[in-house]
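Visitor: Once you've had a glance at the structure underneath, I'll fire off some questions.
The values are calculated or read from the model by the stated rules, or taken from the named source; none is laboratory data. As the structure is a prediction and not an experimental result, all values here were calculated from the model. A quick note on method: Cβ atoms are made from the backbone with ideal geometry, for glycine too, and the neighbour counts reach across all protein chains shown.
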Ligand code: AMP
Ligand code: MG
């Protein structure tokens, strides 16, 4: 009965209590995508590093009164001007190059005519100081903190880290996640199941979910439903930060995982949550004398249950271990396109199609035959969050819709 089961929120609180960011490490930029900074990133340069030409053209003094100017020098990007610009003079300059001493503005080449190699004519009155020049340090200064600890490193952050000379930022490493499917009935996708067998669909699904969560996958294959096989594979999983088991945690005769975990010294934090699908979820902590710890999830074997439990419970933990918030999928307020009835008294997460149309989110459940229906799940791009208290939802009613992410990988 739901009344005796842990609520989703209570389960999340218990998981969060065990979720501290991993110890920082240095990583080269080309291995930092998707990680988070563990310390502020401070610039060792002014940006721009010099007064910089913003156009190809001629550097001149402010409000140059003359139209015909003597070209005294040329400075390209990467070059350094050597001659001071005085009244009646101009230095040919390219975008990005340092503006010479004496010059205060750049006249774009489009507003000039070259009379000969050493004389240029301005076709309009000369601009005031600052025109087409970016001052040294205008964007940021040396010593300034440019990105805060915790910032997620994507393309723009990588670019600014390169600009400020942080070539090996201090980052929170991606957690390692070992994935172990369990079951005597499982064969692999390329095999033809014999009588009583099914293909291992949770393996590929959980591998993908780990990768999409920007964690590092340690695939452990399949353990059979006996203590020896489980003990051997679970022991291998102890090297990871997180171990995700699929199957073997419900009440069946062959659901041996909780017992084997207990035998290995993994401390149970909770077993069973008032959530549908996903009730048999198991969570525990494996503390070793060395100080190492592995957080262990036993996900229900039914594929949609495992999927929902991963999204709801594993994902926030992985985000926190990686130095981010203890946060799950983005949630939008969506209008139901049709009436929905929920059976039972557990908080329900229903596979749905959500779309942003005419300025608001609308959602409708996909045709779905329960926790083994992967065809239904594959047609969904959202999970409707339906609280336990309300059995019926009218069309037009607003509910939370968790948006399943587009494909991203590391
Ligand atoms: P269990 O939690 O081990 O009792 O499994 C519950 C249901 O999920 C059973 O019908 C299993 O056959 C199925 N199942 C378990 N593991 C997998 C898997 N890796 N891939 C697909 N289905 C599975
Ligand atoms: Mg099983």
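Visitor: The conditions are (1) over 30 Å from residue 36 (Cβ atoms); (2) within 11 Å of ligand 1 (Cβ to nearest atom); (3) modelled with pLDDT of 95 or more; (4) surrounded by 17 or more Cβ atoms within 10 Å (Cβ to Cβ), and residue 260 fails exactly one of them. Which is it?
Guide: Evaluating residue 260 over (1) over 30 Å from residue 36 (Cβ atoms); (2) within 11 Å of ligand 1 (Cβ to nearest atom); (3) modelled with pLDDT of 95 or more; (4) surrounded by 17 or more Cβ atoms within 10 Å (Cβ to Cβ) leaves (2) as the failure.
Visitor: Looking only at strands (runs of 3 or more DSSP E) that fall completely inside the stretch 220-291, which ones have 2 or more residues that are within 15 Å of ligand 2 (Cβ to nearest atom), touching a residue at least 24 places away in the same chain (Cβ under 8 Å) and at negative phi?
Guide: Numbers: elements: 242-246, 267-271, 282-287.
Qualifying strands (runs of 3 or more DSSP E): 242-246.
Visitor: Then there is this: Do we find that residue 138 is in contact (Cβ under 8 Å) with a residue 24 or more places away in the chain and under 28 Å from residue 45 (Cα atoms) in this structure?
Guide: It is true that residue 138 is in contact (Cβ under 8 Å) with a residue 24 or more places away in the chain and under 28 Å from residue 45 (Cα atoms).
Visitor: Filter the stretch 327-344 for residues that are surrounded by fewer than 16 Cβ atoms within 10 Å (Cβ to Cβ) and closer than 24 Å to residue 153 by Cβ and give the result.
Guide: Matches in the stretch 327-344: 327, 330.
Visitor: Sticking with this structure for a sec: Say we look at the stretch 369-394 and pick out the residues that are touching a helix residue (DSSP H, G or I) at 6+ places or on another chain (Cβ under 7 Å) and in a loop (DSSP other than H, G, I, E, B); which of these is nearest to residue 278 (Cα to Cα)?
Guide: 371
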